[in-house]
Amino acid sequence: LLEFIKTQKYKEFKEEKFKLIKKLLEHGQDPYHYGYLRVILKIVGDEKDLDKLLESEKR
């Protein structure tokens, strides 16, 4: 898993999924539902982008 996170394929996957999350948040999805995802990303040291996305949608 940690090796996969360093690949371009992971970056593309993450970008695609974050676009979807952003759309869901814009349409009223509760950021609370991304708590487990944040925990998983924190374990692998990649939670910063999700934190930024969730913070920007709270405003």
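Rule-based calculations on the coordinates, nothing more; no lab input. Computed from a predicted structure; not experimentally measured. So basically every Cβ, Gly included, is an ideal-geometry build from the backbone, and we count neighbours across all protein chains shown.
Taking the criterion of being in contact (Cβ under 8 Å) with a residue 24 or more places away in the chain and not aromatic (F, W, Y), the residues of the range 1-38 that qualify are L1, L2, I5, K14, I21, K22, L25, E26, P31.
Kindly indicate whether Y10 is aromatic (F, W, Y), surrounded by 13 or more Cβ atoms within 10 Å (Cβ to Cβ), within 10 Å of the chain's Cα centre (by Cα) and assigned to a helix (DSSP H, G or I). So Y10 fails the test. Of all positions in the range 27-38, at least one carries a residue that is more than 9 Å from the chain's Cα centre (by Cα) and surrounded by 13 or more Cβ atoms within 10 Å (Cβ to Cβ). Under 9 Å from the mean Cα position of the chain (by Cα), acidic (D, E) and assigned to a helix (DSSP H, G or I), is that true of D46? No. Residues that are farther than 16 Å from D51 by Cβ and out of contact with any helix residue (DSSP H, G or I) (no Cβ under 8 Å at 6 or more places or on another chain) were ranked within the range 16-26; the one that is surrounded by the most Cβ atoms within 10 Å (Cβ to Cβ) is L24.
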